């Protein structure tokens, strides 16, 4: 879970199955410490907070267990709180709620929740640590690419971020530099801005084949925020691409660099 804010008063619900009224709930008060409330042996209720507050805007793996003897809380595979609580959990009639209190239809959590798992037994401390280690490991293949558009007839982003582009209605599939039909595009495409595209430094690599140069002004080849914010690559009448057009900071000047050699009409260039 990753909280954006803590409630100004009261508490918000992270998870609830029957709530404090029937079975268990996990909530977050204004102090930022998660609270595990259990209803067991027909007795209401046991409350225990984590002792350690969550950190705003940071992902934390939170685990709560009840084994008939103890309630326990773990943060990132490490036990942070324990309390003697006897008896089996009581049955619930109310539904399972994620990110809010489904009984009173309120107490909405401000933040993100991911990979909710509920087991029918209490994990041991070793099992909790092992589960955290497994889930904390990046499941994909690490790559320095933040975007990869092969443009093979579509706008799919082949990188791990899958920030797919939307093709303009005028886009036409064409042959690429190897002569393979439908493996390049003529026209325009737009991809949503994303955190992955905001790296401090960058390398921009692409193949381009111009059919004509503008009679005046310039045309854009690629742009991420344009000259107004970040960078753009354009082609003016000189056929020498401005590559790239960068702006290091809002208060900084805008820098322009022009290629020494012009592009050639009808020829692929990298």
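The values are calculated or read from the model by the stated rules, or taken from the named source; none is laboratory data. Nothing here was measured: the structure is a model prediction, and the numbers come from that model. Using ideal geometry, Cβ is built from the backbone for each residue, glycine included, and neighbour counts are taken over all protein chains shown.
For region 165-192, filtered to residues that are more than 14 Å from residue 268 (Cβ to Cβ) and free of Cβ contacts under 8 Å to residues at least 12 places away in the same chain, the residue that is surrounded by the most Cβ atoms within 10 Å (Cβ to Cβ) is 181.
Selection over region 1-27 of residues that are surrounded by fewer than 20 Cβ atoms within 10 Å (Cβ to Cβ) and either in a loop (DSSP other than H, G, I, E, B) or out of contact with any strand residue (DSSP E or B) (no Cβ under 8 Å at 6 or more places or on another chain) (or both) gives a count of 7. Of the strands (runs of 3 or more DSSP E) lying entirely inside region 139-249, the ones with 2 or more residues being in the same structural domain as residue 260 (by TED's automatic domain parsing) are found at 218-224, 231-236, 242-247.
Tell me, please, whether a residue that is farther than 29 Å from residue 52 by Cα and part of a loop (DSSP other than H, G, I, E, B) can be found in region 117-127. Steps first, please.
Filtering region 117-127 for residues farther than 29 Å from residue 52 by Cα gives none.
The answer is no; no qualifying residue exists.
Looking only at region 22-79, which residues are in contact (Cβ under 8 Å) with a residue 60 or more places away in the chain and either within 23 Å of residue 102 (Cα to Cα) or over 25 Å from the mean Cα position of the chain (by Cα) (or both)?
Going residue by residue through region 22-79, those that are in contact (Cβ under 8 Å) with a residue 60 or more places away in the chain are 22-25, 27-28, 61-63, 65, 76.
22, 23, 24, 25, 27, 28, 61, 62, 63, 65, listed by residue number.
Can you give me the number of residues within region 70-79 that are touching a strand residue (DSSP E or B) at 6+ places or on another chain (Cβ under 7 Å) and surrounded by fewer than 17 Cβ atoms within 10 Å (Cβ to Cβ)? Count: 2. Test residue 55 against the stated conditions and say whether it is in the same structural domain as residue 117 (by TED's automatic domain parsing), exposed (fewer than 14 other Cβ atoms within 10 Å of the Cβ) and farther than 21 Å from residue 120 by Cα. Judged against the criteria, residue 55 is a match.
Of all the listed residues (102, 95), the sole one being buried (at least 18 other Cβ atoms within 10 Å of the Cβ) and either more than 26 Å from residue 134 (Cβ to Cβ) or outside the structural domain of residue 130 (by TED's automatic domain parsing) (or both) is 102.
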